[in-house]
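*Asks:* First the structure, which I've put down as structure tokens, then a few questions once you've had a look.
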Amino acid sequence: MSPDAGRAACGRVAIIERQQLINGLSGLRLAVGVSSWATPRVAGKLFGLDAEANPQSPYLARLFGIRDVALAWGTLSSTGSAQRQWLVAGLACDAADAVAGIVGGRAGYLPQVTSVLVTGTALSAALLGAAALANDGSSQG
């Protein structure tokens, strides 16, 4: 195989890997976002939140849910620099969500298990987003 053919093949693999990362991240965002918007109390319970103790929690879950749906939709429906902007925006949201989970656990208003669940989910999304941003398909062989 010639060096040019090898670089072209590596570029195709990088593009496929990046798209798989984007699809995985967007799937996670859609699952969490749609469930948080459509069934906020159930989604909250899955993360260990006490929706019964806070009657405003469905409203807050829906705000969070639609944000994740919008981030997924924007990322999936864009390309190039616009897609990169959606990924960066999502990464910023995920980092803020992770910090909020840590702060909530340390301050005591989130139970430790809940803090781990919400922080872990946010960090997983942040890692997928960072990997997609790092794997932009421009590195060759």
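The values are calculated or read from the model by the stated rules, or taken from the named source; none is laboratory data. Bear in mind the structure is a predicted one, so any value in this text is a computation, not a measurement. Cβ coordinates were reconstructed from backbone atoms using ideal geometry, including for glycine residues, and neighbour counts include every protein chain displayed.
*Asks:* Considering only the range 18-29, I want to know if a residue exists there that is at pLDDT below 95, crowded, with 18+ Cβ neighbours inside 10 Å and not aliphatic (A, V, I, L, M).
*Replies:* Yes, the range 18-29 contains at least one residue that is at pLDDT below 95, crowded, with 18+ Cβ neighbours inside 10 Å and not aliphatic (A, V, I, L, M).
This table checks each residue for (1) hydroxyl-bearing (Ser, Thr, Tyr); (2) surrounded by 15 or more Cβ atoms within 10 Å (Cβ to Cβ); (3) closer than 29 Å to Asn54 by Cβ.
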position	(1), (2), (3)
Gln85	no, no, no
Asp97	no, yes, yes
Gly104	no, yes, yes
Gln112	no, no, yes
Ala131	no, yes, no
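*Asks:* Got a sec? Which of Thr114, Thr121 is out of contact with any Leu (no Cβ under 7 Å at 6 or more places or on another chain), more than 15 Å from Gln19 (Cα to Cα) and polar (S, T, N, Q)?
*Replies:* None of the other options fit; the residue is Thr121.
*Asks:* Against the condition without any contact (Cβ under 8 Å) to a residue 60 or more places away in the chain, among the aliphatic types (A, V, I, L, M) and in contact with a Leu (Cβ under 8 Å, 6 or more places away or on another chain), how does Ala70 come out, does it pass?
*Replies:* Details: without any contact (Cβ under 8 Å) to a residue 60 or more places away in the chain: yes; among the aliphatic types (A, V, I, L, M): yes; in contact with a Leu (Cβ under 8 Å, 6 or more places away or on another chain): no.
In short, no.
*Asks:* Okay, moving on. I want to confirm something. Restricting to the range 49-69 and keeping residues that are among the acidic types (Asp, Glu) and modelled with pLDDT under 95, which single residue is surrounded by the most Cβ atoms within 10 Å (Cβ to Cβ)? Lay out the reasoning, then the answer.
*Replies:* Restricting attention to the range 49-69, the residues satisfying the condition of being among the acidic types (Asp, Glu) are 50, 52, 68.
Among the residues that remain, those that are also modelled with pLDDT under 95 are: 50, 52.
Details: Asp50: 13, Glu52: 10.
Out of the qualifying residues, it is Asp50.
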